[in-house]
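Nothing in this text is a laboratory measurement; each read-out follows from the coordinates by a stated rule. A quick note: this is a predicted structure, and the numbers were derived from the prediction, not measured. Note that we place each Cβ from the backbone using ideal geometry, even for glycine, and neighbour counts take in every protein chain shown.
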Amino acid sequence: MNSYRPDRASNSWIFVLKIIVLIIGIYITILVLSKIFTWVLAVVFAIVKVLLFLLTAIVVLHFFLKVLFGFDLLRYILGNRFRRH
C-alpha cells in the first residue's frame with residue numbers, strides 16, 4: 001500500500017496558494033458586484049424618491065383641502081376602511 005503524505009513545507013505552500021486564490025476571487029467578486037449594485041441602488045433610490053414625493057404631495061394637499069374647504073382627501077382615497085368606530 002502506497003500512501004502519499006506530503007511533507008510540512010508542501011502543506012504550507014498549498015495553504016498560501018489557497019489564501020491567494022481566495023483573495024483574488026474576493027477581489028474579482030467585488031469588481032463585478034460593485035457595478036451591479038451601483039445600478040440597483042440607483043434605481044431603488046429613484047423609485048423611493050418618486051414615492052416620497054407623491055406621498056408628501058398627497059399629505060400637503062389633504063392638509064390644505066381640510067383647512068380651506070373641510071374636505072377630507074384621505075377618507076375619499078381610502079374610504080371608510082380605516083375609520084374609528
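Worth pointing out:
- Filtering segment 34-69 to residues that are over 14 Å from the mean Cα position of the chain (by Cα) and β-branched (Val, Ile, Thr) leaves VAL50, THR56, ILE58, VAL59, VAL60, VAL67.
- Here LEU31 fulfils each of the conditions (1) under 33 Å from the mean Cα position of the chain (by Cα); (2) surrounded by 10 or more Cβ atoms within 10 Å (Cβ to Cβ) apart from (2).
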